[in-house]
Amino acid sequence: MTENPSQYVRERKAEGRKDLRYPAAPEPLTVPVYDNHAHLEILDGDEPLSLKEQLDRAEAVGILGVVQASGDIESSRWAVDAASADSRVLAAVAIHPNDAPVYAEAGQLDHAISVIDELAAHPRTRAIGETGLDFFRTGPEGHAAQFEAFEAHIVLAKKHGVAMQIHDRDAHEAVLETLARVGAPEKTVFHCFSGDDAMARVCADAGYYLSFAGNVTFKNAQNLRDALHVTPRDRILVETDAPFLTPVPLRGRPNAPYLIPHTLRFMAAELDLGVDELTAQIAANTIEVYGAFAD
């Protein structure tokens with residue numbers, strides 16, 4: 001076990017999962033890159049990794065930094081603390097769309113947004129995220145709060161001049177309409193892009209970035225591979241969404257930033273590109289969106 005389990009904000013449930021071992025490290029990348037979106041505040045695996053262990057393992061295989069995403073007040077504060085403690089981390093802060101109705105029901109959504117506003121002013125905070133709409137886990141009764149939070153987060157991203165990471169689940173049209181109506185931040189990223197090639201073209205025309213996770217390797221995810229093919233190279237990012245969405249051939253086991261080489265090599269083969277060429281492009285895209293990791 002980690003020497004400091006108190007660092008964790010949440011714990012991923014083990015029920016229904018057969019293999020909780022962290023996989024062996026893949027062959028290191030020749031050209032380094034960054035993880036666009038991870039949740040390292042979540043304890044997972046039969047031998048959980050500390051933040052430093054996560055980052056050291058990642059660096060050893062060519063993953064030089066991680067954008068630590070958030071979903072509530074506690075995880076947002078954790079992200080800023082992690083980014084302040086280690087130059088390999090940048091913070092993204094937000095109220096997740098599935099949490100927005102919970103705050104609203106308690107009469108605390110305005111307060112929560114104000115806390116995110118304060119955290120967004122920190123120099124190590126480089127994104128508002130993850131925010132957006134989720135019509136899969138939240139029913140119609142919670143949609144008004146989701147829209148309210150999403151629109152407020154768009155305003156914050158523009159106010160602080162940082163990127164925005166979007167969570168979009170079963171809400172493609174509503175997300176795109178909201179961005180068009182309110183006005184998207186200059187650097188808008190669809191985290192764990194879940195649309196198809198038609199949606200990817202719409203996003204490309206709008207100048208949005210699409211971040212692909214380990215599920216692009218899944219057999220049933222042809223829509224993601226189709227989207228990857230039509231996404232401009234200078235708009236592609238890569239992420240783990242760790243500890244979730246572990247890529248093939250390790251699907252079902254704990255995910256971590258050090259496993260990104262599996263996803264990147266798959267993407268490069270799918271696009272018929274050299275791994276170094278794709279990795280260099282994605283690394284440049286990441287810095288363009290978030291700025292340098294080291295101050």
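The values are calculated or read from the model by the stated rules, or taken from the named source; none is laboratory data. Because the structure is a prediction, the values reported are computed rather than measured. So basically every Cβ, Gly included, is an ideal-geometry build from the backbone, and we count neighbours across all protein chains shown. With ligands, DNA and RNA removed, areas are computed over all heavy atoms of the protein, side chains included. Shrake-Rupley method; radii C 1.70, N 1.55, O 1.52, S 1.80 Å.
Restrict the check to segment 77-85 and report whether at least one residue is open to solvent by 10 Å² or more (accessible area, probe 1.4 Å), touching a residue at least 24 places away in the same chain (Cβ under 8 Å), under 26 Å from Asp170 (Cβ atoms) and not in a loop (DSSP other than H, G, I, E, B). For segment 77-85, residues open to solvent by 10 Å² or more (accessible area, probe 1.4 Å), touching a residue at least 24 places away in the same chain (Cβ under 8 Å), under 26 Å from Asp170 (Cβ atoms) and not in a loop (DSSP other than H, G, I, E, B): absent. Cβ-Cβ contacts under 7 Å between residues 6 or more apart (or on different chains), taken from a first residue in segment 205-216 that is under 22 Å from Thr178 (Cα atoms) to a second residue that is of a type in the set (S, T, N, Q) and assigned to a strand (DSSP E or B), are listed as Tyr208/Thr188; Tyr209/Thr188; Ser211/Asn36.
Name the single residue that is nearest to Pro257 (Cα to Cα) among those in segment 50-76 being part of a helix (DSSP H, G or I) and open to solvent by less than 40 Å² (accessible area, probe 1.4 Å). The residue in question is Ala58. Filtering segment 86-141 to residues that are within 23 Å of Leu176 (Cβ to Cβ), in a loop (DSSP other than H, G, I, E, B) and open to solvent by 10 Å² or more (accessible area, probe 1.4 Å) leaves His96, Asn98, Asp99, Phe135, Phe136, Arg137, Thr138, Gly139. Total residues in segment 150-171 satisfying the condition of being more than 21 Å from Val238 (Cβ to Cβ), open to solvent by 10 Å² or more (accessible area, probe 1.4 Å) and free of Cβ contacts under 8 Å to residues at least 40 places away in the same chain: the figure is 6.
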